[in-house]
Amino acid sequence: MNEIRQVPIAPGLFTWPSDHPRLLGSQCAGCGIYTFPRTGCCPKCGLETLADTELANRGTLWTWTSQSFRPKPPYDAGDTDETFKTYYVGYVELPGQVMVESRLLVDDETQLKIGMPMALEIVKYRQDGDREVMIYAFRPLSA
Amino acid sequence: MNDVAIAGIGLHAFGRHDGKSEADMAVFAIREALADAGLGWNDIQYACGASKDGRFADSLVSRLGLRSIPFTNVSGGCATGGSALINACMSIQSGLADIALVVGFDKHLRGMFGLNTQEWNVDSWYGEIGFLTTVQFFAMKTQRYMHDHGISHDALVKVAMKAYRNGSLNPKAWRRSEMDYETIANSRVINLPFRQYMVCSPSEGAAALVICKGDVARRLTRKPVYVKGYALRTRQYGSLEVFSPSKPLENAPSPTTIAAQAACEMAGIGPDEIRIAQVQDSEPGNEIMHMAETGLCAHGDQERLIQEGNTGIGGSLPINTDGGLMANGEPIGASALRQVYETCLQLRGQANGRQVPNNPNSGLCQVYGAPGVSSVVVLQC
């Protein structure tokens, strides 16, 4: 029987498969800052003293917007102009670490408010043949 | 170092020009600038040109005359034209040339800019996941700014109305009809808080400047406009820039802030002495934020200035007097030079129909481009 394979949209962005997925970033041994995604050269101090690190899976919504029209390629969600649905993007502040740009798992803008707590999820983005392409995203944390 | 003045300005109308190539428009602007300076192509000793999607600027020499002069091509996102002007200013200041030409031009396809990740130092997933659009980023930056500094949606609409009002007074603008509040506010959502009639579109156009040493300019024209200060700056760690998968927790001044401080310092004037400004206004959020980032007002003051009408042509701080990006559209290579063209008209007292009153004698022009670069010039007469 055909087995569905789940593939991250890019290697090294997040741990997957995992019961407790985490975003993958770097921390600089020189100045202590965090980056996302992983990088080899510290953008603050310029040293190549970064180590891979797992980032927090909870954060606070710092800002957001809607994407209400289908972008041109390289956008690729497997949708068409007819099937396109507005999606939501924001920056989520991971405490003490870094803010990450992320898709937001909400149905409409009334569910988004700067300052609200968010939680990381790994979700299916599109189907490529027998593969499910997975992305990271954040969902409002229910009280 | 030599001082730098603008002796000639030229601009091909912005908009959609089917049947004209970007080179046609560039040559038009160049010839207009040369005529305005009372010079010919044979007087130009150095040239610098900018185009994002058009042919290499230096290839224009085949239509102007092959004289083996140095001709540099530059690029820098939406700050490209500013980068070209600054490059040419350095040729004058250093003594490399007495008279130089700057040209910027573009003819973009319809619809939002199509971008590719390789150009912007992000990996392909970033585009696939739907983050690679500039307006989306500016909407996020604006939302946070509105939250932090109490800017209203009403102010966004009024900034757009002003853009179209000023455009209606500018015969070389693309959008030349005023638009009323409801039409803008109720147009379809693009990226909240921005609606369709708030967002500038890519367009076509060209602008050119003849710049020269101050003493040469004074022989050519009774009213040279001096480039008293200029600065091109890239981003610092900590600022929020377009196409960034992450942002540090610590904050840093934006490239616009740093460039404006440096340009004003070079000019020897404070931003409070600036009488008119053209700032990057790809949508109203950017106009509002850049008013403060350039130091023209304090963060949060924009709301009051806009509600009082003080950013209009008759106000205390006229902003984007030719309609800006919203009314002219964005041919990337040309926009920064369009700002300088407009400021020169205003400082010379030649902005018929949209002249800022009381003889403004200093202006600031600012552009910002991906991936976090800004050029600012300070002009005085």
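Kindly provide the set of residues from segment B:2-23 that are under 30 Å from residue B:215 (Cα atoms), surrounded by 24 or more Cβ atoms within 10 Å (Cβ to Cβ) and of a type outside the set (Gly, Ala, Ser), ordered by number. Of everything in segment B:2-23, those that are under 30 Å from residue B:215 (Cα atoms), surrounded by 24 or more Cβ atoms within 10 Å (Cβ to Cβ) and of a type outside the set (Gly, Ala, Ser) turn out to be B:4, B:6, B:9, B:11, B:12.
Please enumerate the residues belonging to segment A:113-131 that are more than 9 Å from chain B (Cβ to nearest Cβ) and crowded, with 20+ Cβ neighbours inside 10 Å. First the steps, then the outcome.
Quick first cut of segment A:113-131, residues more than 9 Å from chain B (Cβ to nearest Cβ) only: A:113, A:116-124, A:127-131.
Across segment A:113-131, the qualifying residues are A:118, A:120, A:122.
Restricting the first residue to segment B:131-152 and requiring it to be farther than 20 Å from residue B:202 by Cα, which pairs with a second residue that is in a loop (DSSP other than H, G, I, E, B) and among the charged types (D, E, K, R) meet a Cβ separation below 8 Å and a spacing of at least six or different chains? The qualifying pairs are B:142/B:283. Tallying residues that are surrounded by fewer than 17 Cβ atoms within 10 Å (Cβ to Cβ) and assigned to a helix (DSSP H, G or I) within segment B:163-184 yields 3.
Of all residues being among the acidic types (Asp, Glu) and within 30 Å of residue B:253 (Cα to Cα) in segment B:148-190, which is farthest from the chain's Cα centre (by Cα)? Just the residue, please.
Just the residues of segment B:148-190 that are among the acidic types (Asp, Glu), to begin with: B:148, B:154, B:178, B:180, B:182.
The next check asks that each one be within 30 Å of residue B:253 (Cα to Cα); those that pass are B:148, B:154.
Values: B:148: 26, B:154: 25 Å.
Per the stated criteria, the residue is B:148.
Got a sec? Which of B:239, B:244, B:282, B:316 is at pLDDT 95 or above and over 24 Å from residue B:357 (Cβ atoms)? Walk me through it before giving the result.
Numbers: B:239 fails: at pLDDT 95 or above; B:244 fails: at pLDDT 95 or above; B:316 fails: over 24 Å from residue B:357 (Cβ atoms).
Of B:239, B:244, B:282, B:316, the one residue that is at pLDDT 95 or above and over 24 Å from residue B:357 (Cβ atoms) is B:282.
The residue that is farthest from residue B:311 (Cα to Cα), counting only those in segment B:360-372 that are at pLDDT below 95 and surrounded by fewer than 24 Cβ atoms within 10 Å (Cβ to Cβ), is B:371.
List the strands (runs of 3 or more DSSP E) that sit entirely inside segment B:188-240 and contain at least 2 residues that are over 24 Å from residue B:270 (Cβ atoms) and either within 14 Å of another protein chain (Cβ to nearest Cβ) or free of Cβ contacts under 8 Å to residues at least 24 places away in the same chain (or both).
Working: elements: B:189-191, B:204-213, B:225-234.
It comes to B:189-191.
Residue pairs whose Cβ atoms lie under 7 Å apart, separated by 6 or more positions or on different chains, with the first residue in segment B:249-265 and of a type in the set (Ser, Thr, Tyr) and the second assigned to a loop (DSSP other than H, G, I, E, B), are B:254/B:239; B:256/B:294.
Annotation note: Cβ proximity below 9 Å between a residue of segment A:60-82 that is at the interface with another protein chain (Cβ under 7 Å from one of its Cβ atoms) and under 30 Å from residue B:148 (Cβ atoms) and a residue that is buried (at least 19 other Cβ atoms within 10 Å of the Cβ) and acidic (Asp, Glu) (sequence gap 6+ or interchain) occurs for A:62/A:93; A:75/B:128.
When residues in segment B:8-21 are screened for being touching a residue at least 40 places away in the same chain (Cβ under 8 Å) and more than 19 Å from the chain's Cα centre (by Cα), 3 of them pass. Checking each residue in segment B:124-147 for being charged (D, E, K, R) and more than 16 Å from residue B:254 (Cα to Cα) picks out only B:128.
In this structure, does residue B:155 turn out to be among the aliphatic types (A, V, I, L, M), out of contact with any Leu (no Cβ under 6 Å at 6 or more places or on another chain) and assigned to a helix (DSSP H, G or I)?
Yes, satisfied.
Are any of the residues in segment B:131-139 more than 7 Å from chain A (Cβ to nearest Cβ), under 24 Å from residue B:290 (Cα atoms) and of a type outside the set (Phe, Trp, Tyr)? Yes, segment B:131-139 has at least one match. Considered as a group, the residues in segment B:7-36 that are of a type outside the set (D, E, K, R) and part of a loop (DSSP other than H, G, I, E, B) include one that is nearest to residue B:105 (Cα to Cα), and that residue is B:21. Only one of these conditions is not met by residue A:85: (1) assigned to a loop (DSSP other than H, G, I, E, B); (2) basic (Lys, Arg); (3) at the interface with another protein chain (Cβ under 10 Å from one of its Cβ atoms). Which number is it? Just one mismatch for residue A:85, condition (3). Just so you know, in segment A:17-52 the residues that are away from chain B (no Cβ under 13 Å) and closer than 30 Å to residue A:127 by Cα include one that is surrounded by the fewest Cβ atoms within 10 Å (Cβ to Cβ), and it is A:19.
With respect to residue A:32, determine if the residue is under 18 Å from residue A:99 (Cα atoms) and in contact with a Leu (Cβ under 9 Å, 6 or more places away or on another chain). It is false that residue A:32 is under 18 Å from residue A:99 (Cα atoms) and in contact with a Leu (Cβ under 9 Å, 6 or more places away or on another chain). As a summary of the residue check, residue B:359 satisfies the conditions (1) farther than 26 Å from residue B:138 by Cβ; (2) in contact with a helix residue (DSSP H, G or I) (Cβ under 7 Å, 6 or more places away or on another chain) except for the one numbered (2).
Among the residues of segment B:249-263, is there at least one that is in a strand (DSSP E or B) and either within 23 Å of residue B:30 (Cβ to Cβ) or not charged (D, E, K, R) (or both)? Quick ask: steps written out before the conclusion?
Initial filter on segment B:249-263 (in a strand (DSSP E or B)): none.
No, because not a single residue in segment B:249-263 is in a strand (DSSP E or B) and either within 23 Å of residue B:30 (Cβ to Cβ) or not charged (D, E, K, R) (or both).
Of the strands (runs of 3 or more DSSP E) lying entirely inside segment A:1-59, those containing at least 1 residues that are of a type in the set (A, V, I, L, M) and over 23 Å from residue A:141 (Cβ atoms) span A:5-8, A:50-54.
Scanning segment B:106-128 for residues that are over 21 Å from residue B:335 (Cβ atoms), without any contact (Cβ under 8 Å) to a residue 60 or more places away in the chain and among the aliphatic types (A, V, I, L, M) turns up nothing.
Within segment B:335-344, can one find any residue that is over 16 Å from residue B:6 (Cα atoms) and either surrounded by fewer than 20 Cβ atoms within 10 Å (Cβ to Cβ) or modelled with pLDDT of 95 or more (or both)?
Pass one, segment B:335-344, residues over 16 Å from residue B:6 (Cα atoms): B:335.
In the following step, the residues that additionally are either surrounded by fewer than 20 Cβ atoms within 10 Å (Cβ to Cβ) or modelled with pLDDT of 95 or more (or both) were identified as B:335.
Looking through segment B:335-344, at least one residue is over 16 Å from residue B:6 (Cα atoms) and either surrounded by fewer than 20 Cβ atoms within 10 Å (Cβ to Cβ) or modelled with pLDDT of 95 or more (or both).
The values are calculated or read from the model by the stated rules, or taken from the named source; none is laboratory data. Predicted model, so just to flag it, every value in this text is computed and none were measured. FYI the Cβ positions are ideal-geometry reconstructions off the backbone, even for glycines, and counts take in every protein chain you see.
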